[in-house]
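Okay, so here's the structure we're looking at.
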Amino acid sequence: MDLVTTRKTVNPHDFLDGQSPQNRAKEKLKKTLDWIYRWGFTTEKVIHLLSGQQAHTYAKSLVNRGYLVETKTITGSPKFFYTLSEIGLQTAEREALEVYEYKESNAYKVNQALIRHHVLAQIATFKSLDDGKIVDFLTERQVSTSVYNKFKIPDVIWQLKDNRSIGVEVELSAKWSRKLDDFVLRIHQALDSKLYHFFVIATDSPAIQSRYEAAFKQPAVNRWQENNRGHYHIVEQIDLPPTLVKQLVFKLMQDE
């Protein structure tokens, strides 16, 4: 007796949430270029997260297709960072709701000392989006000329479904004296303005986290002022409400 076997045809749409492979590729490209347009630069690790691919090849493929520029880092960790090429910038601006000055067309304008700082902020933002905790975000360049500019501009602003905003600060080194006082005061003023629902202060150091927690628990903070000789001095003390710490979330971060 002859056995007849039926081969089941695999439909790629079953793995692409109903999208065609072409549309999925377009969306992935748009998402990646928009991300870099808003942040200025990124790394292979972040591009890999954005792509959703298992293979770590998407960044290189966008370089080969002319959308991104790959630049070696001074430290070698990470090995490269990525900025938009002229074609990539034109593509991002064509799809953008708002346009911003993109200074990173010259990759050497990227402050490499801050790469890890910005990448940690990017990874935290991606994960919060991916987990559904936030619906969107605003980077510093997106708010530099808006109402947010009147107060402390965080490293990134996370937006919730109910339109409330969360300020996020990544702190990888300790602040002291005037700089610490100014940091505490400006976050207090930003929260008092009601622009933000609360602030996240993230660091990779337990000691730095403890230092900031103690700073925000003080009953008052110094306000400093610069005189005509360029020297700073304390002019007054500003009371801090005991409820301030309830509007702060301290987060210990790790490299992923």
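The values are calculated or read from the model by the stated rules, or taken from the named source; none is laboratory data. Everything quoted here is computed from the prediction, not taken from an experiment. Positions of Cβ are generated from backbone atoms using ideal geometry, with glycine treated the same way; all protein chains shown enter the neighbour counts.
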### Summary
Note on Glu171: of the conditions (1) closer than 27 Å to Gly230 by Cβ; (2) of a type outside the set (Val, Ile, Thr); (3) surrounded by fewer than 18 Cβ atoms within 10 Å (Cβ to Cβ), unmet is (3)
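Tell me, which strands (runs of 3 or more DSSP E) lie completely within segment 81-190 with 2 or more residues that are modelled with pLDDT of 95 or more, aliphatic (A, V, I, L, M) and touching a strand residue (DSSP E or B) at 6+ places or on another chain (Cβ under 7 Å)?
On the way: elements: 136-139, 156-159, 165-170.
Those strands (runs of 3 or more DSSP E) span 156-159, 165-170.
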### Query
Somewhere in segment 55-75, is a residue in contact (Cβ under 8 Å) with a residue 40 or more places away in the chain and either closer than 20 Å to Ile157 by Cβ or within 18 Å of the chain's Cα centre (by Cα) (or both)?
no
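Determine whether segment 182-196 contains at least one residue that is small (Gly, Ala, Ser), under 26 Å from the mean Cα position of the chain (by Cα) and assigned by TED's automatic domain parsing to the domain that holds Gln122.
Going through segment 182-196, the residues small (Gly, Ala, Ser) turn out to be 190, 193.
Next, from what is left, pick out any that are under 26 Å from the mean Cα position of the chain (by Cα): 190, 193.
Next, only the ones that are assigned by TED's automatic domain parsing to the domain that holds Gln122 stay: 190, 193.
Checking segment 182-196: at least one residue is small (Gly, Ala, Ser), under 26 Å from the mean Cα position of the chain (by Cα) and assigned by TED's automatic domain parsing to the domain that holds Gln122.
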### Query
Of all residues in segment 60-80, which are part of a helix (DSSP H, G or I) and in contact with a strand residue (DSSP E or B) (Cβ under 6 Å, 6 or more places away or on another chain)?
Leu62, Val63
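On the given criteria, is Val119 touching a helix residue (DSSP H, G or I) at 6+ places or on another chain (Cβ under 8 Å) and closer than 30 Å to Asn64 by Cα?
Values: touching a helix residue (DSSP H, G or I) at 6+ places or on another chain (Cβ under 8 Å): yes; closer than 30 Å to Asn64 by Cα: yes.
Judged against the criteria, Val119 is a match.
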